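Colleague: A single structure is presented below for examination.
The values are calculated or read from the model by the stated rules, or taken from the named source; none is laboratory data. Since the model is a prediction, treat every value here as computed from it, not as a measurement. Here the Cβ positions follow ideal geometry from the backbone for every residue, glycine too, while neighbour counts run over all protein chains shown. Side chains are part of the model used for accessible areas, which takes the heavy atoms of the whole protein and leaves out ligands, DNA and RNA. Shrake-Rupley method; radii C 1.70, N 1.55, O 1.52, S 1.80 Å.
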Amino acid sequence: YTATYELVIEVDVEDFEALLEALNNPEVLEIRLNDDIVVPAGVTLDFSGKTIVGNGNSIYFTEPSMLRLNNTKPNGITITAPANISDLVLVGAKGYAIHVYNTTGVVLKDLTIKDSGKGAILVNGSEVTVENITLVNNLWGGIEVSQGVGVNNIPKLTVLGFLLNGENTPASWI
């Protein structure tokens, strides 16, 4: 008889350094935020393959100190593999708060996304489910659903619960 098991390592983080260490550790599958986190200028977090539980805390993206090449605005979070993000507030991403690229199995639940320099979420050639999302003061609006450059997969957005966007911008667009 051969026993098989899946080891799920969960960690609690309270600052940027601990979050980055957990994100870069392939053995850590679930990360729980126990405090607000400030992300330094120009950093994009990679949440691919992780479960992130915000516990109602916020991630703040700081203003870049100088213009980036071609005046591009960095996204706050990149996801390129299945991931789950819940109970989190994202504030001040200079580009999109979340960019999901060429993947499936992404679930975003109970999020508030505020003050993004582009839209709140970009779904490029991916399958994403959102549930109970509140959008506040994102320059272009809520969720852009597009195929993306060099991507063959057709994007799919499933909305459960509510998608609130109290602005004069679209809640979602294709």
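Colleague: Accessible area of Trp173, 1.4 Å probe, to the nearest 10 Å²?
Modeller: Accessible area, nearest 10 Å²: 60 Å².
Colleague: Same structure again: Any chance you could look up the accessible area of Asp46 with a 1.4 Å probe, heavy atoms only, rounded to 10 Å²?
Modeller: Ignoring ligands and nucleic acids, Asp46 comes out at about 80 Å².
Colleague: Under 22 Å from the Cα of Lys118, which lysines turn up, not counting those fewer than eight places away in the same chain?
Modeller: Lys73, Lys94, Lys109, Lys156
Colleague: Can you give me the distance in nm between label points at Asn34 and Val149, each placed 7 Å from the Cα along the Cα-to-Cβ direction?
Modeller: Taking the two extended label points, one gets 4.3 nm.
Colleague: Of all the C-alpha pairs in the chain, what % are more than 27 Å from each other?
Modeller: For the chain, the share of Cα pairs beyond 27 Å comes to 23 percent.
Colleague: Okay, moving on. Can you return the aspartates and glutamates within cross-link range of Lys114? Criterion is Cα-Cα under 12 Å, with same-chain partners fewer than 8 residues away left out.
Modeller: Once the sequence-local aspartates and glutamates are set aside, what remains near Lys114 is Glu167.
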